[in-house]
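Below: one structure, written as structure tokens.
What follows draws every value from the coordinates through simple rules; no lab data is involved. Small disclaimer: the values here were computed from a predicted structure and weren't measured. FYI the Cβ positions are ideal-geometry reconstructions off the backbone, even for glycines, and counts take in every protein chain you see.
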Amino acid sequence: MTLPPGKIPVTILKETIFKNLGAKRDEVKVGPSAGIDCAVIDAGSKSLIVSMDPVTGALKIIGYLAVNVNANDIATFGCKPSFLLSCILLPEEADEKTVKIISSQMNEAAEDLGIAIVGGHCETTPGLAHPIVVGCMMGITEKGKYVTAGGAKVGDKLLLTKSAGIEGTAILASDREKQLRKSLSTQELTRAKSFYTRISVVKDAVTAFRTGTVHAMHDPTEGGIAGAIHEMADASGLGVRVFEEKIRIQPETMKICKFYQIDPLQLIASGSLLIAAEPDSTDKITKALTKEGIPSEIIGEFTPAHRGRKITRKNGKTESLERPATDHLWQALAR
């Protein structure tokens, strides 16, 4: 079977990747699992939170994204990201200017978040069509003081910060500007390109975690909001019901998705954050987020696994929540 672009299917993760994990070590408290983006390694009185993510579908803002999407994973555990290692892979025709652009973007993003870039690797790689940046991010917290995407409970409300498709909007507006001028005005494209400034969820996650009422958090990346909801339900072993009308979609995102005939709920969505919490604690969380200027909305709730994963559309019809086979960014970039 030929694999689709982007993340490999969860069945292959479980049947192949997760069966080949090397030696077992007592220090590993959270290891690889569907829907879980970070490992947790105990080191004395501290827990080390570690994650790794590539940026493969962006060009002009790839360095900025590499720092932020990796930082987001750490933040969803309620931990501030602190250290980054990166692997920069360049096409053979790349020049020193390309290296400077990527590294300066990474430097700026890391400084903004208080992250030290402590090492990595950079090379030209035969066969690449465009640069790829892989990041390994780490954060340190008190031993056991974290949440995962797998902590949601039956009856928990599901909150979403900001809006759907933030990262995909920024990438497409930046890398496909000429195409999109057929549908969007100059002002709309300028606003859409500026969505990259919304991609960090470090403040979202740390603010929510500090309320002390969060059960689980997850940041939507490849597969968008829909894919991330499935991943959170996978990790928690639950069903979920979502209400389409509650999910914010910015006008620029909607126009871009309409142009490419793609689903905004299946468009890469770094910049938004999913939060699971008990119903009586959601006001505390939303008030804390609002104080930081972060919009949020209750978009659904977790249910017993046997009820499945459902979405109620704006027309009132309830149907199965589709699990993306591949992120719709790839469909747009192929046109």
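Results, tabulated for the structure shown:
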quantity: Volume per residue of the C-alpha convex hull in segment 1-100, rounded to whole Å³; calculated: 154
quantity: Globularity ratio of the chain, using Cα Rg and 2.2 N^0.38 Å; calculated: 0.96
quantity: Residue-wise HN-Hα coupling along segment 217-224, computed from phi with Karplus coefficients 6.51, -1.76, 1.60 (Hz; x: Gly, Pro); calculated: 9, 7, 9, x, 10, 4, x, x
quantity: Among the listed pairs 24/153; 193/317; 287/317; 203/291, those beyond 22 Å (Cα-Cα); calculated: 24/153; 193/317; 287/317
quantity: Percent antiparallel among DSSP beta bridges (both partners in the chain, rounded to 5); calculated: 75
quantity: Förster radius 30 Å - calculated FRET efficiency between residue 111 and residue 331 (Cβ-Cβ, nearest 0.05); calculated: 0.30
quantity: Under Karplus coefficients 6.51, -1.76 and 1.60, residue-wise ³J(HN,Hα) of segment 40-55 in Hz, glycine/proline x; calculated: 10, 10, 6, 9, x, 8, 10, 10, 9, 9, 10, 9, 9, 8, x, 10
quantity: Interchain or long-range residues, amide H under 5 Å from residue 164's placed H; calculated: 248, 249, 250
quantity: Alpha carbon centroid spacing (whole Å) that separates segment 280-315 from segment 157-201; calculated: 23
quantity: Beta bridges by DSSP in segment 157-333, antiparallel share as percent, to the nearest 5; calculated: 80
quantity: Part-to-part distance (alpha-carbon centres) for segment 230-262 and segment 10-68, which is given in Å; calculated: 24
quantity: Number of Lys pairs (Cα under 18 Å; 8 or more positions apart or on different chains) in segment 25-142; calculated: 4
quantity: Average Cα contact separation per residue, the chain, under 8 Å, 6 or more apart, as relative contact order %; calculated: 22
quantity: Cα principal axis extents for segment 157-333, largest first, Å; calculated: 47, 35, 27
quantity: Residue (of 235, 70, 276) at the positive-pole extreme of the chain, dipole from beta-carbon charges; calculated: 276
